[in-house]
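No lab work stands behind these numbers, since they all come straight from the coordinates. If you're wondering where the values come from, they're calculated on a predicted model, not measured in any experiment. Don't worry about glycine lacking a Cβ; one is built from the backbone with ideal geometry, like all the others, and counts go over all protein chains shown.
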Amino acid sequence: MSASPLPIARPPFAFIGERLWLDFVNTDATRGKVRTDALLSFDSYLRWLEAAGALDSERAMTMRRRALEQPAGATAALVEARRTRAILRQLAERGFRAERARSDAVAELNRILGRSAGTRRLEIRRDGSIARTFVPVGDAFTGLLIPIVESAADTLVLDELPRVRRCAGSDCSRVFHDATRNGARRWCDMSGCGNRAKAARHRARTAGARREPVSSSDPD
Ligand SMILES: [Zn+2]
């Protein structure tokens, strides 16, 4: 028996995007010197989908079995998910201004929608809430992307792209939907990036105060 493999570092799944497709884009994110990628393996992809509520545990089990039977299919699905993610990142970061990013995304969404046949169902969850689900009958691997694709499609159809932003943290690549009433959300989270920015502003202010007279009109 060989030595046990190194444990795979589980990226912390962060759900701060307010939309499923933006959380999906954030599965590949850099914050400071830390880069996380939840799509390093097919199993990690399934775990993320489960954590996101986009895949119930029963179907996840079926998919794990299928991945063992069809490893090439699982690998192809992972490659496809990463490709879709890259296109959705372009949409999130530039879609509002760049027509090209929008049309590329629409083509990608249509490609995936066109390859997945299935049925829609309403399912009563354990907590009593009701969710709309998609049960693929064709290519079950591609079907995994459907909830993500639907979420991105909703943003386009509802004209919500102007609300999609990238975190203002200089070393953070997370994206999110700004759901605040005044459209003033700037950070992926207040405890991380928001706090660092506040501390940096404070440092700059106190350093400035040592050099020059304190301004009487502090914007904060
Ligand atoms: Zn951030």
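The table below gives the values:
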item: Structure-based [θ]222 nm, the chain - -39500 (n - 2.57) summed over DSSP H runs of at least 4, per residue, nearest 500; result: -15000 deg cm²/dmol
item: 20 Å cut-off, amide nitrogen to a point 7 angstrom out along Ala179 Cα→Cβ, residues in the stretch 10-43; result: 13-27
item: Inter-site label distance for Val106 and Arg35 at 7 Å from Cα along Cβ, in nm; result: 3.3 nm
item: Folded to 0 to 90 degrees: helix 57-69 orientation relative to the chain principal axis, Cα; result: 70 degrees
item: FRET efficiency, Ser191 to Arg97 (Cβ-Cβ, R0 45 Å, nearest 0.05); result: 0.90
item: Mean Cα-pair separation over length for the chain, i.e. relative contact order, pairs under 8 Å, 6 or more apart, %; result: 22 percent
item: Fully extended contour minus Cα-Cα distance, from Arg83 to Glu58, at 0.36 nm per residue; result: 6.4 nm
item: Of Glu18, Glu123, Glu108, the one that fluctuates the most in a GNM where the chain has Cα springs shorter than 10 Å; result: Glu123
item: Sorted largest first, extent of the stretch 20-211 alpha carbons per principal axis (Å); result: 68, 36, 32
item: Centroid-to-centroid separation of the stretch 22-56 and the stretch 57-135 [C-alpha atoms, Å]; result: 13 Å
